[in-house]
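Okay, structure first, notes after.
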Amino acid sequence: MEGFEFSPEHVMARAAREWADSDEFSRLLSEVSKISFDGVVQPIPTTDNAGTTSLLNSLDSLSEVMSLAIGAFSADSVSVAAGLDHVISSFSQVETSVTNTFEGLMERLG
């Protein structure tokens, strides 16, 4: 492919960023799980509190969705980082094999 060049350094830097992102998402997930809406909405006297109950349910749903989304981003970052680590390892193995094969051919050719 013209114009395509594999750079192990760039791939390693990207993998490091993905691992860091995963750590940050895990930290965020831990913090989101601590959020409590208890006491945020007070019952209103002389009503059935349908509105306040609905608001609390919505806030709980929001918290759950945020946790799911952050967890998914964390898992995706781990998958990308692990994949990039595998690419780097495979590239190194192939590069070593090709170099050894080439050097062997050069020795035989004299």
Residue count, the range 67-99, condition touching a residue at least 24 places away in the same chain (Cβ under 8 Å) and farther than 13 Å from ALA20 by Cα, comes to 9
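Tell me, yes or no, whether the range 66-82 has at least one residue that is in a helix (DSSP H, G or I), among the aromatic types (Phe, Trp, Tyr) and surrounded by 12 or more Cβ atoms within 10 Å (Cβ to Cβ). Steps first, please.
Here is the first cut: in the range 66-82, the residues in a helix (DSSP H, G or I) are 66-82.
Then drop every residue that is not among the aromatic types (Phe, Trp, Tyr), which leaves 73.
With surrounded by 12 or more Cβ atoms within 10 Å (Cβ to Cβ) added as a condition, the list becomes 73.
Checked against the condition, which is being in a helix (DSSP H, G or I), among the aromatic types (Phe, Trp, Tyr) and surrounded by 12 or more Cβ atoms within 10 Å (Cβ to Cβ), the range 66-82 yields at least one hit.
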Can you name the residue in the range 65-107 that is over 12 Å from the mean Cα position of the chain (by Cα) and at pLDDT 95 or above and, of all such residues, is farthest from SER36 (Cα to Cα)? LEU68
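Just wondering, is there one or more residues in the range 32-42 that are assigned to a helix (DSSP H, G or I), within 21 Å of the chain's Cα centre (by Cα) and surrounded by 12 or more Cβ atoms within 10 Å (Cβ to Cβ)?
Here is the first cut: in the range 32-42, the residues assigned to a helix (DSSP H, G or I) are 32.
Filter again for within 21 Å of the chain's Cα centre (by Cα), leaving 32.
Adding the requirement that they be surrounded by 12 or more Cβ atoms within 10 Å (Cβ to Cβ) leaves 32.
Looking for residues that are assigned to a helix (DSSP H, G or I), within 21 Å of the chain's Cα centre (by Cα) and surrounded by 12 or more Cβ atoms within 10 Å (Cβ to Cβ), one finds at least one in the range 32-42, hence yes.
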Would it be correct to say that THR46 is on the phi > 0 side of the Ramachandran plot, of a type outside the set (Lys, Arg) and exposed (fewer than 14 other Cβ atoms within 10 Å of the Cβ)? yes
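Within the range 1-31, track down each residue that is among the aromatic types (Phe, Trp, Tyr), outside any loop (DSSP other than H, G, I, E, B) and touching a Phe, Trp or Tyr at 6+ places or on another chain (Cβ under 9 Å). Show your work before the answer.
From the range 1-31, those among the aromatic types (Phe, Trp, Tyr) are 4, 6, 19, 25; that's our starting set.
Now drop any that are not outside any loop (DSSP other than H, G, I, E, B), which leaves 19, 25.
Result: PHE25, single match.
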Where SER58 falls short, out of the listed (1) within 23 Å of the chain's Cα centre (by Cα); (2) free of Cβ contacts under 8 Å to residues at least 12 places away in the same chain; (3) over 26 Å from SER89 (Cα atoms); (4) assigned to a helix (DSSP H, G or I): (1)
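The values are calculated or read from the model by the stated rules, or taken from the named source; none is laboratory data. Keep in mind that this is a model prediction, so the values were computed, not measured. Cβ sites come from the backbone with ideal geometry, for glycine too, and all protein chains shown count toward neighbours.
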